[in-house]
Amino acid sequence: MKTKILITGGAGNIGGSLARRLVENKNYEVTIVDSLLTGSIMKLPDVKFKNWKFIKADVNDYRDIAPIIIAGSFHYIFHYAAVVGVNRTLSNPVKVLKDIEGLKNIMSLAKNTGVERVFFSSSSEIYGEPFELPQREATTPLNSRLPYAIVKNVAEAYCRSYLQEYGLKYTIFRFFNTYGPLQSQDFVMSRFIRMAHENRDISIHGNGSQTRTFCYIDDNLDVTIKSMEEDYWINDVVNVGNDDEIAIIDLAKKIISLTRSKSNIIHLPKREEGDMTRRKPDISKMKLLISRELTPIDQGILLTIENSI
């Protein structure tokens, strides 16, 4: 019998990449759900694979998602559907808050249909302004006022509550800047690469000293899929990212160099909110599951450029 997997947000960067990887295994039957608000059918798996289907639906609408889950008899659900991107989440705070409904729909339907485990895509934004470095799963300061971070915090609480009340198993992935060929232009890595490719000015908010870490998509997938296949991190939270910290201005310079671009770097006013000073995860848990070195950022950038759709 095939293992049945549902991916919400499966036409996005991480969800689409996950779907493409999973369908390579003929023992998996994958259902992909996406509203296509920000996703794209271009990110779906190749039609040569016959073990997947796509359904356009809004997970935040119970009437949309309920028939899919009730009929699907899924073993696992990867709930990756969400409003993402700094500019988009800052500009649409009410839309961000509606993502709580999607999580509630997934959890309530999962507990009633025999789903073995729900995998939820949380975020590094849950840490807010750094309280400690590296940022550890056990320390969550709750100091961010952003709706996006608040929603992720509330969603994590739902996962723990449904375990306690109904025995529904979960795994929470706190993703730190995951990039790759399917990433849209709303994120710093993909935006810098596009501007450099077009020899356009690369704009940075503030002086560029704020740091981030960047995880290439293959590293993300190797770990998250293995956690499902080998029963890791059941009822647990894990940082999924890279611990190689880089200043945003240095990232821009690196991309300009690697692409041999003529772009200049220009500085915009610092964002009033939503631009934390540092990001650096503790990925000790993640490293237990990956038996190789993580993808160096130079290599990841070149792979992204080479394979972008």
- Message: So the label point goes 7 Å from the Cα of residue 139 along Cα→C-beta, right? Which residues of region 235-274 then have their backbone N under 16 Å from it?
- Response: 239
- Note to self, the chain gives a 222 nm [θ] from helices alone (DSSP H runs n ≥ 4, -39500 (n - 2.57) apiece, / all residues, nearest 500) of -11000 deg cm²/dmol
- Message: Can you compute the charge dipole magnitude of region 37-112 about its Cα centre, using +1 on each Lys and Arg Cβ and -1 on each Asp and Glu Cβ, nothing else charged? Give it in debye, rounded to the nearest 20.
- Response: 160 debye
- Sorting 52, 233 on the 10 Å Cβ count, fewest up front, what's the list? 52, 233
- Task: Rank 122, 82, 35 by how far each Cα sits towards the positive end of the charge dipole of region 25-129 (+1 on Lys, Arg Cβ; -1 on Asp, Glu Cβ) and give me just the farthest.
- Result: 35
- Task: May I have the convex hull volume per residue, in Å³, for the Cα set of region 191-309?
- Result: 122 Å³
- Message: Ignoring solvent entirely, what values of log10 I(q)/I(0) come out of the Debye formula for region 99-241 at 0.12, 0.13, 0.18 Å⁻¹ when each Cα is a single scatterer?
- Response: -0.59, -0.68, -1.16
- Note on the structure: Pairs over 26 Å Cα to Cα, from 4/56; 253/280; 53/280, come to 53/280
- Query: Once phi is turned into θ = phi - 60°, what whole-Hz ³J(HN,Hα) does the Karplus curve with 6.51, -1.76 and 1.60 give for every residue of region 188-198, x standing for Gly and Pro?
  - Reply: 4, 4, 5, 5, 4, 4, 4, 5, 5, 4, 8
- Task: Obtain the nm distance between the two label points defined at residue 260 and residue 91 by a simple spin-label model: each point lies 7 Å from its Cα along the Cα-to-C-beta direction.
- Result: 3.5 nm
- Query: Name the residues of region 190-204 whose amide N is less than 14 Å from a point 7 angstrom out from the Cα of residue 246 along the C-beta direction?
  - Reply: 190-194, 196
- Which distance in nm do the two modelled labels at residue 164 and residue 201 give, with both placed 7 Å along the Cα-to-Cβ direction? 5.2 nm
- How big is the antiparallel share of DSSP beta bridges in the chain, given as a percent to the nearest 5? 5 percent
- Based only on Cα atoms, what Rg/Rh ratio does the chain have, Rh being taken as Kirkwood's radius? 0.95
- For region 1-78, what value does the Rg/Rh ratio take when both radii are computed over Cα atoms and Rh is the Kirkwood radius, given to two decimals? 0.94
- Item | About the Cα centre, charge dipole magnitude for the chain (Lys/Arg +1, Asp/Glu -1 at Cβ), debye | 540 debye
- Message: How large is the translational diffusion coefficient of region 188-237 in µm² per second when you combine the Kirkwood radius over alpha carbon pairs with Stokes-Einstein at 4 °C and 1.567 mPa s?
- Response: 92 µm²/s
- Note on the structure: Two pseudo-spin positions, 7 Å from Cα along C-beta at residue 268 and at residue 101, lie apart in nanometres by 3.0 nm
- How large, in Å, is region 64-117 by the Kirkwood hydrodynamic radius built from its alpha-carbon pairs? 12.3 Å
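Only the coordinates and a few stated rules stand behind these numbers; no lab work does. Model, not experiment: these values are computed from the prediction. Don't worry about glycine lacking a Cβ; one is built from the backbone with ideal geometry, like all the others, and counts go over all protein chains shown.
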